[in-house]
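Q: What follows is a structure written as structure tokens; I'll ask about it next.
Bear in mind that the values in this text are calculations on the coordinates, not laboratory data. No experiment lies behind these values; they were computed from the predicted model shown. Glycine gets a Cβ as well: all are built from the backbone with ideal geometry, and neighbour counts include every protein chain shown.
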Amino acid sequence: MSVKVSVIIPTYKRPAFICRAINSVLNQTYSNIEVIVVDDNDENCEDRKKMEEIMEQYKNNKKVIYLKHKKNKNGAAARNTGILQAKGDYITFLDDDDYFLKNRIKNILQKISEKGKKADLYYTGVIVIENNKIKKIVRNTKSGNLQKDILSQKSFFATGSNLFFSKKSLVDINGFDESFFRHQDLEVLVRYFSKYEVDYIEDFSVVKMEEDRSNVPNIDKMIEYRIKFLETFQKQINNFEKDEIKKIYTDNYYNLLVYLVRNRQLRNINKLDYFKKKYSPNLTFQKRIKLVLEIFDLYFPISKIYRFIRLKRTIKLLPDKTLIELKESEQYDR
């Protein structure tokens, strides 16, 4: 019997994108799949009504399971609801505004079979689209235990949509922590790497869309979430050497600074004072230079030229069949 894959799609306030996500799974060239849509909208809100109307078209499709929360919880809770329902040997998640190219699941299972099962979690590259053009291609090849990298905000995954878990491992760590309203993917990975490892698979069939910015938090929330993240995993952080611990805090502080710069919010830099006093980050000379370059780039965007050249080079890494699939999806204008 072939391996079954459960694709969990949590959705909240984005009914306009849900069909694209669902259909990208139903159109997979691998057939032993199930799609679990978890509606996290309040039961009496307008978005719930729209979702129910949209999901009518799938009611006779045995591969589609539609689950509804009575009230909005959060993304972590929606993922856990899906995990409880999942019957697959593997579980992968798909954000409601992202989508898969048609060979994604087939490619991953084939490559796992070819290289032999080396881990309980796999991840792939990601194509990021903005305004119907490729904005960037995320390709990281690091494997093993990446706990320290995740704690340092050095995510190699770009989106939760490119993670491919064995169900037993995800159940073993008790799924997602529902007290996290952001950083759900990072939170689950820190705990995951306490017991399991990850392996990279060379594939670019996850498409992340960046048009919708409605779910981006303000800086106060960003700091609040970041402190909660670090305090939750204080025990894991303290397991590292002293200089590594310092670096974890510094990397988090630097990450927040870059967020302020890129979103033109340097006027709010004083809001980082609490974070700075609590963790005493120490920016290296290299990071200070990078920060200055980020600020310089706001007014003299010469790095756009460099990014454009680098993007063109990276696109050449994509197999022709991937570019064809992307073009056929009608979201990409080369």
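Q: Test of understanding: what is the full-extension gain from D320 to I227, defined as 0.36 nm times their sequence separation minus their Cα-Cα distance?
A: Numbers: separation 93, 0.36 × 93 = 33.48 nm, distance 4.35 nm.
Computed gain between D320 and I227 is 29.1 nm.
Q: Further, regarding this structure: Given Cα pairs under 8 Å that are at least 6 residues apart, what percent is the relative contact order of region 1-127? Mind showing how you got there, number by number?
A: Working: 201 pairs, mean separation 49.2, N = 127.
Relative contact order of region 1-127: 39 percent.
Q: Looking at region 12-90, which trypsin sites (Lys or Arg not before Pro) are in a loop (DSSP not H, G, I, E or B) and have at most 14 other Cβ atoms within 10 Å? Write out the running numbers ahead of the final one.
A: Numbers: sites: K13, R20, R48, K49, K50, K59, K62, K63, K68, K70, K71, K73, R79, K87; in loops: K13, K59, K62, K63, K70, K71, K73, K87.
Those satisfying the criteria are K59, K62, K70, K71, K87.
Q: For each pair in K70/K136; K118/K327; K242/K278, compute the distance between the two Cα atoms and list the pairs where it is over 27 Å. Numbers along the way, then the final one.
A: Details: K70/K136 38 Å; K118/K327 33 Å; K242/K278 16 Å.
Flagged as over cut-off: K70/K136; K118/K327.
Q: Right, another one. If you place +1 on the Cβ of every Lys and Arg, -1 on the Cβ of every Asp and Glu, and leave all else neutral, what size is the dipole of the chain about its Cα centre, to the nearest 20 Debye? Could you put the intermediate results ahead of the total?
A: Details: 63 positive and 46 negative charges, 190 e Å.
Its charge dipole is roughly 920 debye.
Q: Okay, next question. Using just the helices of the chain, give the 222 nm mean residue ellipticity in deg cm²/dmol: DSSP H runs with n ≥ 4 each add -39,500 (n - 2.57), and the total is spread over all residues, rounded to 500. Each step should come with its number before you reach the end.
A: Working: 14 runs with 148 residues, N = 334.
Calculated from helices alone, the mean residue ellipticity at 222 nm is -13000 deg cm²/dmol.
Q: With r as the distance between the Cβ atoms of Q286 and K312 and R0 = 30 Å, compute the FRET efficiency 1/(1 + (r/R0)^6) and round to 0.05. Intermediate results must be reported in sequence, preceding the final value.
A: Details: r = 27 Å, r/R0 = 0.89.
Once the sixth-power term is evaluated, E becomes 0.65.
Q: Just to confirm the filter: which GluC sites (Glu not before Pro) across region 1-107 are DSSP coil and have at most 15 other Cβ within 10 angstrom of their Cβ?
A: On the way: sites: E34, E43, E46, E52, E53, E56; in loops: E43.
The qualifying sites are E43.
Q: Would you work out the relative contact order for the chain, in percent, from Cα pairs under 8 angstrom that are 6 or more residues apart?
A: On the way: 511 pairs, mean separation 61.1, N = 334.
Over the chain, the number comes to 18 percent.
Q: A further question follows. Work out how far the C-alpha atoms of region 97-214 reach from end to end along every principal axis, then list the three figures in whole Å, largest first.
A: Principal-axis extents of region 97-214 (Cα, largest first): 40, 38, 22 Å.
Q: So, one more: Over region 83-219, what is the relative contact order in whole percent, taking alpha-carbon pairs under 8 Å and six or more residues apart?
A: Numbers: 204 pairs, mean separation 58.5, N = 137.
Relative contact order of region 83-219: 43 percent.
Q: Continuing with this model, one more query. Can you give the convex hull volume per residue for the Cα atoms of region 70-145, as a whole number of Å³? Before the final figure, lay out each step's value.
A: Working: hull volume 12.0 nm³, N = 76.
Taking only Cα atoms, region 70-145 has a hull volume of 158 Å³ per residue.
Q: Rounded if a/c is under 1.5, else prolate if a/b is larger than b/c, else oblate: which is region 219-300, with a ≥ b ≥ c the root eigenvalues of its Cα gyration tensor? Please report the intermediate quantities before stating the final value.
A: Details: a/c = 2.62, a/b = 1.52, b/c = 1.72.
The shape class here is oblate.
Q: For the pairs K117/K316; K4/K62; K228/K271; K148/K271; K117/K142; K13/K133, note any where the Cα-Cα span goes beyond 19 Å. Working shown, then result.
A: Values: K117/K316 29 Å; K4/K62 14 Å; K228/K271 16 Å; K148/K271 26 Å; K117/K142 16 Å; K13/K133 24 Å.
Checking Cα-Cα distances, K117/K316; K148/K271; K13/K133 exceed 19 Å.
Q: If you don't mind, another one. Any number yet on Rg/Rh for region 5-214, C-alpha, Kirkwood? Could the numbers behind the result be given before it?
A: On the way: Rg = 16.2 Å, Rh = 17.3 Å.
In region 5-214, Rg relative to Rh is 0.94.
Q: For the chain, give the share of DSSP beta bridges that are antiparallel, in percent and rounded to the nearest 5; count only bridges with both residues there.
A: Numbers: 14 of 36 bridges.
Approximately 40 percent, going by the DSSP bridge assignments.
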